[in-house]
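What follows is one structure encoded as C-alpha cells, with my remarks underneath.
The values are calculated or read from the model by the stated rules, or taken from the named source; none is laboratory data. This one's a predicted model, so the numbers in the text were calculated from it and none came from an experiment. So basically every Cβ, Gly included, is an ideal-geometry build from the backbone, and we count neighbours across all protein chains shown. These accessible areas exclude ligands, DNA and RNA; they are computed on the full protein's heavy atoms, side chains included. Shrake-Rupley method; radii C 1.70, N 1.55, O 1.52, S 1.80 Å.
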Amino acid sequence: MKHVRIHLETTHTENKSSVPIDTSYWEQLWDTYTSDFASVEIHSWLEETEQLAELSKIAANSSEQGLVKSFTITLNEENCNYLRNHSMDSNGGLEWFTIFFYKEDIQMLEIGQYGSEIVLYGVDKKEAAEFETLFPENANAEYFKEHLM
C-alpha cells in the first residue's frame, strides 16, 4: 500500500526517550485526517498509570500485550473531541506511545513514538505532498509506493 512516513525532530524527557520538539501539527492533523475513521487503537506502557486510567474511561475494550496496554476507542463525536483536545503531555509529545486509526478494519494512520513518527497509508504522491505541509520544515518525509503489511 502506498504511504508517506514523517519523522519529526525529537528530544527526550525524564520519562520518554523520544518526543517531538514541535507538536503544532496535532490539531490540524486531527481535524483534516481523522474524520473518516471509525475507531482508534491506543497503546500505552503499563507504567503510565495516569494515561491508562484516563483511556479506560472511554475505551470500548482493552487488553494487555506484554509491557503495553491496548485500548480500542470508537470515534464518536464525544471521544473525538476528548482525544483531539486532551492528547498533549505537559512534559512533551503526545500522552500515548502509539495511536492507530482505522477505517473499518483497515489501518489508515499510525502515530508512533509519542507523536514523533506519523504514517498515512493509501495516498498517492500528490496527497503525500499535501500531508507533508502539516509538519514543521525540519521534518523528514519519505514516500513509499508499496508496503508489505
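Mean separation of Cα pairs under 8 Å and 6 or more residues apart, divided by the residue count, gives region 37-95 a relative contact order of 34 percent. In the chain, helical runs assigned H by DSSP with n ≥ 4 each contribute -39500 (n - 2.57); averaged across all residues and rounded to the nearest 500, the mean residue ellipticity at 222 nm is -6000 deg cm²/dmol. The HN-Hα couplings worked out from phi for region 57-63 by the Karplus form 6.51 cos²θ - 1.76 cosθ + 1.60 (θ = phi - 60°) are 5, 10, 6, 6, 7, 8, 7 Hz, whole numbers, x standing for Gly and Pro.
Phi-derived couplings, Karplus 6.51 cos²θ - 1.76 cosθ + 1.60 at θ = phi - 60°, listed residue by residue for region 13-29: 10, 4, 9, 10, 7, 8, 9, x, 5, 10, 10, 5, 6, 4, 5, 5, 4 Hz, with x used for Gly and Pro. When only the Cβ of Lys, Arg, Asp and Glu is charged (+1, +1, -1, -1), the dipole of region 67-149 relative to its Cα centre reaches about 100 debye. By definition, a body whose alpha carbon gyration tensor gives a ≥ b ≥ c is oblate when a/c is 1.5 or more and a/b is not larger than b/c, and region 1-80 fits this oblate description. The Cα atoms of region 30-73 give a gyration tensor whose axes a ≥ b ≥ c have a/c of 1.5 or more with a/b greater than b/c, which makes the shape prolate. Between Leu75 and Ser39, Val40, the built amide H atoms are under 5 Å apart, and every one of these is 5 or more places off in sequence or on another chain. Fully extending the segment from Ala141 to Asn79, taken as 0.36 nm per residue of separation minus the present Cα-Cα distance, adds 19.4 nm.
Highest average first, the peptides 77-87, 2-12, 23-33 ordered by how many other beta carbon atoms sit within 10 Å of their residues are 2-12, 23-33, 77-87.
Distant-in-sequence amide contacts of Ser87, defined by a placed amide H-H separation under 5 Å and a gap of 5 or more residues or a different chain, comprise nothing.
For the set Trp96, Trp45, solvent exposure ranked by accessible area (probe 1.4 Å, protein chains only) runs largest to smallest as Trp45, Trp96. Accessible area ranking (1.4 Å probe, heavy atoms, ligands and nucleic acids excluded), largest first, for Leu120, Leu67: Leu67, Leu120.
Taking a 30 Å limit on the Cα-Cα distance, which of the listed pairs Lys2/Lys57; Lys69/Lys103; Lys57/Lys126; Lys69/Lys126; Lys103/Lys125 fall beyond it?
Lys2/Lys57; Lys57/Lys126; Lys69/Lys126
Using a 1.4 Å probe, how large is the accessible area of Asp124, given in Å² and rounded to the nearest 10? Solvent-accessible area, nearest 10 Å²: 70 Å².
Phi angles of region 99-114 translate, via the Karplus equation with coefficients 6.51, -1.76, 1.60 and θ = phi - 60°, into HN-Hα couplings of 10, 10, 9, 10, 10, 6, 9, 9, 6, 10, 8, 10, 10, x, 6, 6 Hz per residue; Gly and Pro are given as x. Its relative contact order, with pairs defined as Cα atoms under 8 Å and 6+ residues apart, puts region 20-149 at 26 percent.
Take every pair of alpha-carbon atoms less than 8 Å apart whose residues are at least six positions apart; their mean separation over the length of region 88-149 yields a relative contact order of 19 percent.
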